[in-house]
Amino acid sequence: MRPKKVILCVDDNEQDLSVLKFMLVTNGYRVLAATNGQEAIALFADNQVDLVLSDHAMPQMSGDQLVLKLKQIASHVPMVILGDPQKMNGQIHGADALLAKKTCSPQELLERVKIMSARKRGPRKGVSRLVGAELAVAS
């Protein structure tokens, strides 16, 4: 039996985090959940993580700031920010992808998680990051 992929989910909204965790667990992933950046950094340092999903808008440490810190620890782990592309001006900074939190369907999210966790590395040199019409759909 193949080991389950480990997904670190970070969101300060406990209800959103619970829904995301339930969706991933029922689809065969092992989920580590954190409600803030410091908690996420500790979990990331103590576990072998295959993918990070982080909310963009969080108090104390934004998703961008968290991703930059985690990339310093393990740059090969793919990281996805869930947020509002209009508020972020399409910028994903250190993340490998941006998904529109409010308009992304569960199927789209699961497909992106499957693809990103399978590749387990950052973007290839010379290849633009995954911010496209299908990922950053404005509402």
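Here are a few things to note about the model shown:
- Per-residue ³J(HN,Hα) for segment 58-66, Karplus 6.51 cos²θ - 1.76 cosθ + 1.60, θ = phi - 60°, Hz, x for Gly and Pro: 9, x, 6, 9, 6, x, 4, 5, 4
- Near Ala97, the amide H atoms lying under 5 Å from its own belong to Met79, Ile81; only residues 5 or more places off or on other chains count, and H is placed 1.01 Å from N.
- Ordering Thr35, Thr103, Thr26 from the fewest to the most neighbouring beta carbons within 10 Å gives Thr26, Thr103, Thr35.
- Spin-label model distance (nm) - Ile73 vs Gln48, 7 Å beyond Cα toward Cβ: 1.6 nm
Bear in mind that the values in this text are calculations on the coordinates, not laboratory data. Quick caveat: nothing in here was measured; it's all calculated off a predicted structure. Here the Cβ is made from the backbone with ideal geometry for all residues, glycine too, and neighbour counts use every protein chain on show.
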